[in-house]
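The structure appears right after this line, and notes come after that.
The values are calculated or read from the model by the stated rules, or taken from the named source; none is laboratory data. Quick caveat: nothing in here was measured; it's all calculated off a predicted structure. Cβ sites come from the backbone with ideal geometry, for glycine too, and all protein chains shown count toward neighbours.
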């Protein structure tokens with residue numbers, strides 16, 4: 001049976017429960033509206049980034065209390081970025097449910113994302129390590145800058161370089177920063193911290209490529225969003241870029257990229273991309289980054305936790321994830 005991310009992270013069940021308890025503290029005890037909004041936002045998810053933080057702590061055999069706080073802060077950063085990303089992309093669905101701006105309002109979503117960013121920074125500041133704060137705020141800046149660049153550069157065709165810059169800013173940065181901060185808090189050696197950062201960045205890029213692939217070929221029951229939702233939002237991803245780079249010609253895709261995003265156009269455009277070699281080529285790109293992530297683990301302590309990191313990287317290209 002193929003391993004999935006949840007099954008690989010199963011040994012961290014108790015740790016993730018502790019992180020969830022910390023996350024619930026950001027919305028319990030406040031107003032009823034705050035609890036309604038943030039219970040939805042923070043109540044779902046695989047907690048991959050939190051899991052990476054905890055794995056690094058366990059790898060270096062450190063007491064876990066501070067790392068639970070760091071893991072919670074990282075999940076808040078992730079949740080905030082998703083809320084804002086849905087607003088920017090106009091996406092109405094997140095993990096099978098209405099996105100925050102669709103259910104409440106754009107104004108509420110923007111403020112909710114800002115609140116979570118602020119809470120994350122506060123939690124990291126409580127760890128009293130200025131370097132961690134600098135890393136976290138640097139990640140927030142990179143994420144926001146990536147969103148701005150994507151919006152300002154919106155056009156019918158995005159180059160491969162532009163795509164990778166975007167996913168590095170929006171996805172890989174937080175993965176890399178999460179394990180980098182955990183390595184610093186665990187008092188790992190400088191070279192080990194750099195290795196962890198390299199792992200996180202490569203893992204994050206592979207993870208996003210496969211998320212983009214699954215948007216076109218995945219099962220909505222697993223992805224939690226309608227097939228083709230990126231195209232429906234006008235978001236150009238790697239499979240689309242590879243399709244066009246390799247001479248793909250589709251009047252339906254041309255129409256979608258030029259703003260005619262009807263369900264019929266999107267459905268036929270997806271069929272054209274699926275029938276080409278673009279999906280296989282994108283998966284091959286993702287596999288290259290998972291290999292880089294695995295290679296980055298060399299020089300880290302040989303232990304169960306390092307093997308779990310290795311297994312996580314190895315399972316990214318499985319369609320069940």
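At a glance:
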{"item": "Helices (runs of 4 or more DSSP H) wholly inside the stretch 205-299 containing at least 1 residues that are under 29 Å from residue 152 (Cβ atoms), at pLDDT below 95 and in contact with a strand residue (DSSP E or B) (Cβ under 9 Å, 6 or more places away or on another chain)", "result": "229-232"}
{"item": "Residue in the stretch 300-312 that is surrounded by the fewest Cβ atoms within 10 Å (Cβ to Cβ), counting only those that are assigned to a helix (DSSP H, G or I) and in contact with a helix residue (DSSP H, G or I) (Cβ under 9 Å, 6 or more places away or on another chain)", "result": "304"}
{"item": "Number of positions in the stretch 157-184 that are crowded, with 20+ Cβ neighbours inside 10 Å and within 14 Å of the chain's Cα centre (by Cα)", "result": "13"}
{"item": "Some residue of the stretch 45-64 being surrounded by fewer than 18 Cβ atoms within 10 Å (Cβ to Cβ) and in a helix (DSSP H, G or I)", "result": "no"}
{"item": "Criterion (under 23 Å from residue 223 (Cβ atoms), at pLDDT 90 or above and surrounded by 22 or more Cβ atoms within 10 Å (Cβ to Cβ)) met by exactly one of 99, 81", "result": "81"}
{"item": "So residue 70, is it surrounded by 21 or more Cβ atoms within 10 Å (Cβ to Cβ) and over 19 Å from residue 110 (Cα atoms)", "result": "yes"}
